[in-house]
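Following: one structure in structure tokens, then a few remarks.
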Amino acid sequence: MYAAFRSIGSYIPQNILTNQDLEKMVDTSDEWIVKRTGIKERRIANADEATSDLGYKAALQAIERSEIDITEIDMIVCATLSPDYLTMPSTAAMISKKLGIKNVMAFDISAACTGFVYLMSLAKAFVESGAKKNVLIIGAEKISSIIDYTDRSTCILFGDGAGAAVISATEDKNEAIIDVLASADGNFGELLITPGCGSVNPIREDNVNDKLQYMKMAGNEVFKVAVKTLTKDVIEILKKNKIDASEVDMFIPHQANFRIVEAVRAKLNFPVEKCAMTVAKYGNTSSASIPMAMNDLYEEGKIKNGDLMLLDAFGGGFTWGSALVRFAGKNFSS
Ligand code: ACO
């Protein structure tokens, strides 16, 4: 049995936070943000929208496009660093409730911006083992809920959104997800961290006053490791599977920063038109960034049935991973 990537869907919140808006909130400028990151605007969910609301809408679209009946979904996994609730219930459980899916395994994973690649690895393993037939995977983030909008080093980077996919069993090897590599190194944990509200710094007045509930990042140090690791990842997975870079139809790296994506793309010699680049309009949406970018390309007709996609991600942990995936869904029709 093989695992096939059947469909993609996304949800993009309506509210737009521009660089000009941020100029009024912190000491920054549109010029600095565009030059250092390529980001022009990002989306922010409504106050009454939870991460599971974003994930639910992306999931509905992915299920509809998969042409698989919703009752056939037998596992739901959500990757998020901004869950509905700190410990429980899981965001995946909340999404299952909204979808009306009962009695299937639903749980979250924590792999920061590499979340969607980790999900691919999980879904592939469950389907190939025969344990599950139709796995719904979701990367959903309301990152605005863990951002300090007085901290210019993080608030300019991140946005909200969600993407989802259905991974299904197939006997056709031509449809199979080819390979997923994923890894982590906790020695870098403190460079990209939400220090508060866990067991190390529990929810207490002093910790909240110190703003430990918000994300902190040593951006410059993360940047260097990100470029190196993202490049190494791609070389490794292509070599392992004896696939030449020229065979890849679409390179879809995590959208953290234009400079990171561009450095990796150029090092690997992927043509500009074969590389996803959505960071200008969405910012960094962590686990949602790859499926949101993939959905845009799909709706633009740039990902079609049989196309070979190469995913590449890097994030807090540190975590990283890459995936070689054939798109096995139907072509987009509006
Ligand atoms: N506006 C204006 N100036 C700023 C801003 C801002 N928003 N932020 C920082 N600066 C200043 C700094 O204070 C510093 O000033 P100084 O030279 O006087 O000290 C100067 O600009 C340069 O700061 P750097 O941090 O060195 O800027 P850099 O070029 O590295 O860009 C950035 C920062 C955009 C954060 C970049 O390092 C980056 O993209 N890092 C990687 C992010 C990433 O990939 N994260 C991984 C995935 S995310 C996840 O897993 C959740």
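The values are calculated or read from the model by the stated rules, or taken from the named source; none is laboratory data. The shown structure was predicted, so the numbers you read here are calculated from the model rather than taken from an experiment. So basically every Cβ, Gly included, is an ideal-geometry build from the backbone, and we count neighbours across all protein chains shown.
For segment 220-236, enumerate the residues that are touching a residue at least 60 places away in the same chain (Cβ under 8 Å) and over 19 Å from the mean Cα position of the chain (by Cα). Hit for segment 220-236 is Glu236, nothing else. All told, Arg265 meets the bar of being crowded, with 19+ Cβ neighbours inside 10 Å, within 15 Å of the ligand (Cβ to nearest atom), among the basic types (Lys, Arg) and in a helix (DSSP H, G or I).
Restricting attention to segment 283-312, the residues that are out of contact with any Asp or Glu (no Cβ under 8 Å at 6 or more places or on another chain) and within 16 Å of the ligand (Cβ to nearest atom) total 7. In this structure, Lys239 does satisfy being more than 13 Å from the ligand (Cβ to nearest atom), loosely packed, with under 13 Cβ neighbours inside 10 Å and part of a helix (DSSP H, G or I).
The one condition from (1) surrounded by 15 or more Cβ atoms within 10 Å (Cβ to Cβ); (2) part of a helix (DSSP H, G or I) that Pro83 does not meet is (2). Within this structure, Phe332 passes the test of being more than 15 Å from the ligand (Cβ to nearest atom) and farther than 30 Å from Glu221 by Cβ. Only one of the listed residues (Leu192, Leu212) is over 23 Å from the mean Cα position of the chain (by Cα), under 30 Å from Thr87 (Cβ atoms) and surrounded by 20 or more Cβ atoms within 10 Å (Cβ to Cβ). That residue is Leu212.
Looking at Val272, Val325, just one residue is under 29 Å from Ser168 (Cβ atoms), among the β-branched types (Val, Ile, Thr) and away from the ligand (no atom under 16 Å from the Cβ), and that residue is Val325.
Thr229 satisfies every condition listed in (1) within 11 Å of the ligand (Cβ to nearest atom); (2) over 22 Å from Phe318 (Cα atoms); (3) among the hydroxyl-bearing types (Ser, Thr, Tyr) except (2).
Yes/no matrix, rows are residues, columns are (1) within 30 Å of Val26 (Cβ to Cβ); (2) at pLDDT below 95; (3) outside the structural domain of Val77 (by TED's automatic domain parsing); (4) of a type outside the set (A, V, I, L, M, F, W, C):
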{"residue": "Ser153", "(1), (2), (3), (4)": "yes, no, no, yes"}
{"residue": "Ala164", "(1), (2), (3), (4)": "no, no, no, no"}
{"residue": "Ser168", "(1), (2), (3), (4)": "no, no, no, yes"}
{"residue": "Asn187", "(1), (2), (3), (4)": "no, no, yes, yes"}
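Could you check, for segment 32-47, whether at least one of its residues is outside any helix (DSSP H, G or I), at pLDDT 95 or above, surrounded by fewer than 16 Cβ atoms within 10 Å (Cβ to Cβ) and more than 14 Å from the ligand (Cβ to nearest atom)? Within segment 32-47, one or more residues are outside any helix (DSSP H, G or I), at pLDDT 95 or above, surrounded by fewer than 16 Cβ atoms within 10 Å (Cβ to Cβ) and more than 14 Å from the ligand (Cβ to nearest atom).
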